[in-house]
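The values are calculated or read from the model by the stated rules, or taken from the named source; none is laboratory data. The shown structure was predicted, so the numbers you read here are calculated from the model rather than taken from an experiment. When we count neighbours, we look across all protein chains shown, and the Cβ atoms used for this are built from the backbone with ideal geometry, even at glycine.
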Amino acid sequence: MENQQVKKLETITLGGGCFWCLEAVFENLRGVQAVVSGYIGGHQDKPDYEAVCSGKSGHAEAVQIRFDPAEIGYDDLLDVFFTIHDPTTLNRQGNDVGTQYRSAIFHHDEAQLDAARTKIAALQHAGLWFQPIVTQLERAVTFYPAEQYHQHYFENHPGQPYCQLVVAPKVAKARASFAARLKR
């Protein structure tokens, strides 16, 4: 019997506007094993889409990504994250407005927090944006998977107007910027 190594997967949880956009980009990256759309960072137990969209639950729309660090690193995932959304707009991405659309990195340990701080400092120093980065760094708490119809939304509804106008351009940008990291 061959010696099989068990992959040690890690988790990163990110909020950067609508979770459909984030999910559609990250699920195409080599090393990403699973992407789940959901809600995190609020005060309501077991929130649903209606509660989160109202802005009253305090949760952000986010994705929780399981990845193999031997294939793609945490820092690489942060590079993709900062490429596909605007980290300088507080509680907003395009026409999606409210705290549920905040730019946030939900760290699972101190190493992730340190890496996120380092990445933000480097990006600020690089001067890529005219405004300061407002991405919030929050401790990862309970992540609530979104309703089933939100999972793989872009894949299942590519012709939906929001998908064509908002999600597809972000996917195209990620494909162009990170072509060497794509699964397909």
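Among the residues making up segment 149-167, those that are at negative phi, within 16 Å of the chain's Cα centre (by Cα) and either at pLDDT below 95 or not aromatic (Phe, Trp, Tyr) (or both) are HIS150, GLN151, VAL166, VAL167. The number of residues in segment 32-69 being over 18 Å from GLN100 (Cα atoms) and crowded, with 18+ Cβ neighbours inside 10 Å comes to 4. Hey, any hits in segment 57-77 for a residue that's charged (D, E, K, R) and farther than 25 Å from ARG175 by Cα? No, every residue in segment 57-77 fails to be charged (D, E, K, R) and farther than 25 Å from ARG175 by Cα.
The residue pairs whose first member lies in segment 88-99 and is at positive phi, whose second member is hydroxyl-bearing (Ser, Thr, Tyr), and whose beta carbons are closer than 7 Å, counting only pairs six or more residues apart or on different chains, are ASN91/THR99; ASN91/TYR101. Taken across segment 126-137, residues that are in a helix (DSSP H, G or I) and surrounded by fewer than 19 Cβ atoms within 10 Å (Cβ to Cβ) do occur, with at least one present. Checking the stated criteria, ALA174 turns out to be of a type in the set (Gly, Ala, Ser) and surrounded by 15 or more Cβ atoms within 10 Å (Cβ to Cβ). Restricting TYR149, TYR162 to those that are in a helix (DSSP H, G or I), aromatic (Phe, Trp, Tyr) and loosely packed, with under 13 Cβ neighbours inside 10 Å reduces the list to TYR149. Would you confirm, using the coordinates I've provided, whether ALA34 is touching a Lys or Arg at 6+ places or on another chain (Cβ under 9 Å), of a type in the set (A, V, I, L, M) and closer than 22 Å to TYR149 by Cα? Yes.
Every listed requirement among (1) under 21 Å from CYS21 (Cβ atoms); (2) touching a helix residue (DSSP H, G or I) at 6+ places or on another chain (Cβ under 7 Å) is met by LEU90 save one, (2). Selection of segment 169-181 for residues being among the hydrophobic types (A, V, I, L, M, F, W, C) and in contact (Cβ under 8 Å) with a residue 40 or more places away in the chain yields VAL171, ALA174, PHE178.
Could you please let me know if LEU29 is surrounded by fewer than 23 Cβ atoms within 10 Å (Cβ to Cβ) and touching an Asp or Glu at 6+ places or on another chain (Cβ under 9 Å)? Give the derivation first.
Values: surrounded by fewer than 23 Cβ atoms within 10 Å (Cβ to Cβ): yes; touching an Asp or Glu at 6+ places or on another chain (Cβ under 9 Å): yes.
Criteria met by LEU29.
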